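Input: a single structure, listed below in structure tokens.
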Ligand SMILES: Nc1nc2c(ncn2[C@@H]2O[C@H](COP(=O)(O)OP(=O)(O)OP(=O)(O)O)[C@@H](O)[C@H]2O)c(=O)[nH]1
Ligand SMILES: [Mg+2]
């Protein structure tokens, strides 16, 4: 099908380059010279770029055709590059250049699956029909040669084309014969095809006059944000920006920023492997997503049928599985949560549990007495206890007050909430009380209806959530980085969009992660979400897949609406209480299945989801936590399909080497 | 008639529990919700209003007051046109912390000229009779810290809430008028382009 485009050539320009840089600092850029043509053919107008060598041989072209379903991959090896072309030292690579050749979504590859090895550069060829064009991003004027980035209607972003020998003006003139191009109101560098797309909401203002600059500002200003922005791509972007000599964005001495970045780097370990790869190359087909159905909640009868005469739970894996699939009926929660949270060992006998509860009750009341017996005078000299108490008092009054368990003035529920949180301060004085903890306790207490049990279940839950609340909030940073890793695999075009709106660090997911969606779902639904998560199925960090599921559902609104930084934040905040729990859980499970079936998961993703074999690289902090908790629960690991690494899946530093194994890679050059 | 509508960003800062969210809700929706959650993360609401013939869209940012979440809120300070420093008159500590809040804001908002940046101080919960901070003390601090306007508010019974927010707008507009006279240049409005495209100036 990839026959040479024949027809009337209405524009023909040589010296149009793709910079296939991997974004690495010291690395020379790979410049691929080529020819850009606009061809009138039948009723269509085709825009066609291909590298120099094969301008005459068009049998190896990747063709982006409408209504298609299979996958195009753009693999490109940094080793094989053409060093010809103009010097690059005065590169102005702006923010869009970082995504040169990202995000090729599912599109028809016209030659079908596998292709014979050909010149590496041919992979960069592209052509598209003008009817598919959504926008063109230009660089600013007065910066040497111009470059254009074509964005297609389904948000495929094509590699930036650099007009080293001019001709960009002519191209626009030519295109304007067929389509109307108008400046985006949000960004004058973007030309939109048709003005219909201009329905960009005007009710918000972009706070940041210059995205690049403001991102740098943030890095500069706030190390915490900086570490949250530690995704390889954003980092590459910054490296690019530092290297770039755009005089306008170059307000700070490059060294200063570089130092700053280095400070932020140590936190980057999770993504480091991918760092060398740059997303361009690690575009992976994650395969089709299976349909998923949920089952009805586990009933008391089902639960009891899995208990032996001594009260030990048998078939733990099976039980967890059905809890994962359907949750628990409410009557069962009071008992089952104690196991799920790790307060009761699954293999304990009834007798052992009642002993345990007695011991735990003593221990609880001993700690409770400690703060209860602090006199007013003493407390005056104990500022930390005073502060904890004051925070707890304030927050207890502002936690789930519409729930009948906590509503009204002198509800005993409020006193229990208060007392358990105070006792937790005694249990872990270093952490004490941090806002958000009352949200985690409230449903647990509601279900347990018992101070002591609620406390110990809460302690177990806090073991898992502890890092979220620590001084440096390491848990939050880690999770945001991990989430970005997953999201990038699932939908790099959305990631690119978020980054273009300064939102790549997924700030807006903070509340979701800090208190595990507690404020996003109704009280009733959060009970379901949590018990599903506590099964630790189907993989580690399932809650991050829940995030992905929700974000995916909102992607269209966000991108179609052209939402900026503020609007994205507002939109996500306002999803609260509007999410359908079953939809979200189904989707998240489907994503997990999709990922576990995928043979080419990048190591970073495997690590996040815990899909690694024993011989693999050391687990990150979070993974260790996971193991510890598992151990504590004294349960055998779930008997779940854990995909092995690809045959040659050495978890090395270069994800590049592994990629060629992708079955869907159109070029099997390796 | 009003010639342009601009977007104005104000940010509410102050200790946890002083009533920032309640003030914002009172002002924007004219409701006081006793069942409000404490704030996690950052939120903002928009409110359109007319002040002295200027149509303004006020974007009110509300943050979590607890120390631990500082790194979460500070990135949002940038671009603020006005900062509402809030304490609760029944909470001495929250009053004493105003100085820290102001410092934190100036540092992270990257305020070019802290001397002339508009701060408005709100002493909230005046409906409560057991006060720990007197009006005089509060006035004193405002005077000594750069003559900030001071309002005693109650989100609960709506006392002075609108007045405080409107004062914030006035302060911003006043500064803008001054700079408009100094430099007749659009760059002053870098972060705030005119909202509607009706005739300019
Ligand atoms: N009596 C009285 N109570 C108020 C007033 N404003 C707020 N409150 C109460 O004070 C408590 C704290 O109010 P919030 O608005 O949640 O405080 P905040 O400053 O947003 O707190 P954080 O979100 O934790 O930073 C709530 O219980 C409110 O009902 C007021 O004007 N009068
Ligand atoms: Mg609040």
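What follows draws every value from the coordinates through simple rules; no lab data is involved. Just so it is clear, the structure is predicted and the values come from calculations on it, not from any experiment. Every residue, glycine as well, gets a Cβ built from its backbone with ideal geometry; the counts of neighbours run over all protein chains shown.
Pairs of alpha carbons in segment B:5-47 separated by more than 11 Å make up 70% of all such pairs. Look at where the Cα atoms of segment A:343-358 and of segment B:101-138 average out, and the two centres are 54 Å apart. Take each residue of peptide B:73-79, count the partner chain Cβ atoms within 10 Å of its Cβ, and average: the result is 6. Within 10 Å of the Cβ of each residue in B:29-41, the mean number of Cβ atoms contributed by other protein chains is 5.
Inter-chain neighbour count for A:402-410: the average number of beta-carbon atoms from partner chains within 10 Å of each residue's beta-carbon is 1. Cα convex hull, chain B: 118 Å³ per residue, rounded to a whole number.
As an equivalent ellipsoid, segment A:393-468 spans semi-axes of 19, 13, 11 angstrom, where each value is the square root of five times an eigenvalue of the C-alpha gyration tensor, largest first. Of the residues A:528, A:350, the one with the fewest other Cβ atoms within 10 Å heads the list, and the complete ranking is A:350, A:528. May I ask you to list the residues of segment A:430-453 whose amide nitrogen lies under 12 Å from a point 7 Å from Cα along the Cα→beta-carbon direction of residue A:403? Answer for segment A:430-453: A:438-450.
For segment A:300-378, the spread of Cα coordinates along the three principal axes comes to 54, 26, 19 Å, biggest extent given first.
Put in line by how crowded their Cβ is, counting other Cβ atoms within 10 Å and starting with the fewest, A:513, B:36, B:85 read B:36, A:513, B:85.
Among A:289, A:37, the ranking by other beta carbons within 10 Å of each residue's beta carbon, starting with the fewest, stands as A:289, A:37. Over the C-alpha atoms of segment B:40-79, the Rg to Rh ratio, Rh being the Kirkwood estimate, stands at 1.14.
The distance linking segment A:523-586 with segment A:414-468 is 25 Å (Cα centroid to Cα centroid, whole angstrom). Calculated mean residue ellipticity at 222 nm for chain B: -9500 deg cm²/dmol, from DSSP H runs with n ≥ 4 weighted as -39500 (n - 2.57), summed, divided by the residue count and rounded to 500.
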